[in-house]
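Shown next, in structure tokens, is the structure this report addresses.
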Amino acid sequence: MIWTYITEPPMVLVPKQVGFGEDAKIVVGGSDNGTMYIFDRKSGELLETLRHASSSLIQSITVSI
């Protein structure tokens, strides 16, 4: 099954990397607008956004306990 988590519209149409945290309860994903998104894996609810820059591609992410 493939899930879609809603973010701001992408500027660069390339797949973005995601990682799983908290025993796979959350999904953390990068973007091409300088924001990282944290979602509840089951509900798809956006839990938090982490702003890195006003505009930059976040291609690689790592999730750590």
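Taken together, the values in this text are just the output of simple stated rules run on the coordinates, not laboratory data. Note that the coordinates shown come from a computational prediction; the quantities given were computed from them, not determined experimentally. Glycine also receives a Cβ, built like all others from the backbone with ideal geometry; neighbour counts cover every protein chain displayed.
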How much net charge surrounds residue 26 when only other residues with a Cβ under 15 Å from its Cβ are counted (Lys, Arg +1; Asp, Glu -1)?
-2
Quick one: which residues, 5+ away or cross-chain, put their amide H under 5 Å from the amide H of residue 31? H built at 1.01 Å from N.
58
Sort 4, 35 by Cβ crowding within 10 Å, fewest neighbours at the top.
4, 35
Below 8 Å between Cα atoms, with a sequence gap of 6+, how large is the relative contact order for the range 17-65 in percent?
39
With x for Gly and Pro, the residue-by-residue ³J(HN,Hα) of the range 5-14, computed from phi through the Karplus equation 6.51 cos²θ - 1.76 cosθ + 1.60 at θ = phi - 60° and given in whole Hz, is 10, 7, 10, 4, x, x, 9, 10, 8, 10
What ranking of 39, 20 emerges when the number of other C-beta atoms within 10 Å of each C-beta is taken as an exposure proxy, fewest first?
20, 39
Take residue 62 and residue 24, extend 7 Å from each Cα along the Cα→Cβ direction, and tell me the distance between the two endpoints in nm.
2.2
Regarding the chain, what is the average projected area of its C-alpha convex hull, in nm²?
4.5
